[in-house]
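Take a look at the structure set out below.
The values are calculated or read from the model by the stated rules, or taken from the named source; none is laboratory data. All figures in this text were calculated on a predicted structure; none of them were measured in a lab. Counting neighbours? That spans all protein chains shown, and the Cβs are built from the backbone with ideal geometry, glycine included. Please note that ligands, DNA and RNA were not included when accessible areas were found on the heavy atoms of the full protein model with its side chains. Shrake-Rupley method; radii C 1.70, N 1.55, O 1.52, S 1.80 Å.
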Amino acid sequence: MGAGTPRPGVPVRGSASGRPVMAALDLLGRRWTMRILWELHRTPAGFRELQRRCERMSSSVLSTRLDELTGARLLTLHSDGYHLTPLGADLVEALSPLDAWSRRWARETDTDTETDTETDTAAAED
C-alpha cells in the first residue's frame, strides 16, 4: 500500500489505533472512492473508461485512487482493465444494506430519490 493509504493497525483519521473499521471508513470516505467501486462492481474498466464514467474526475485523482484501492487489495489490474477482487466484491455486497437504508431515509425525509443509482454522481463526489 502507498504511504497514505489507510490500512488496519496503522493510525488513521478518527483512530489512533487503526481499528479495521476506521481504516476502512477512512479509505471509503476519500473523494471518488465509492464511485470507482460502484462502477467496477457493474463491469470492469480501464483507466480511460473509468475516467469517462466519472465525468469530472481528474486523471491524477483517478490514478491516486486506483493505486490506493489496488494497494488495499480491493482492485486488481488485468489486461481488460480494473476488476474488483473477491475482497472488493464482498465490500460492495456489505454496503448493500446501507444503500437500502439510505433510500428509506430519503423517502422518510421527503427527499427526491433517483431510482437509477447509476446516474447518481453528486453523492460519489463528496
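How big is the gap, in Å, between the Cα center of the range 1-65 and the Cα center of the range 67-82? So the two Cα centres are separated by 11 Å.
Given R₀ = 22 Å, FRET efficiency for H78-H41 by Cβ-Cβ distance, to 0.05? Each step should come with its number before you reach the end.
On the way: r = 16 Å, r/R0 = 0.71.
The calculated FRET efficiency here is 0.90.
Calculated accessible area for the range 49-101 comes out at 59 Å² per residue, all protein chains present (probe 1.4 Å; ligands, DNA, RNA ignored). Modelled spin-label separation between E49 and L87, with each label point placed 7 Å from Cα along the Cα-to-Cβ direction: 2.4 nm. Equivalent-ellipsoid semi-axes for the range 32-74 (Cα gyration tensor, √(5λ), whole Å, largest first): 14, 13, 8.
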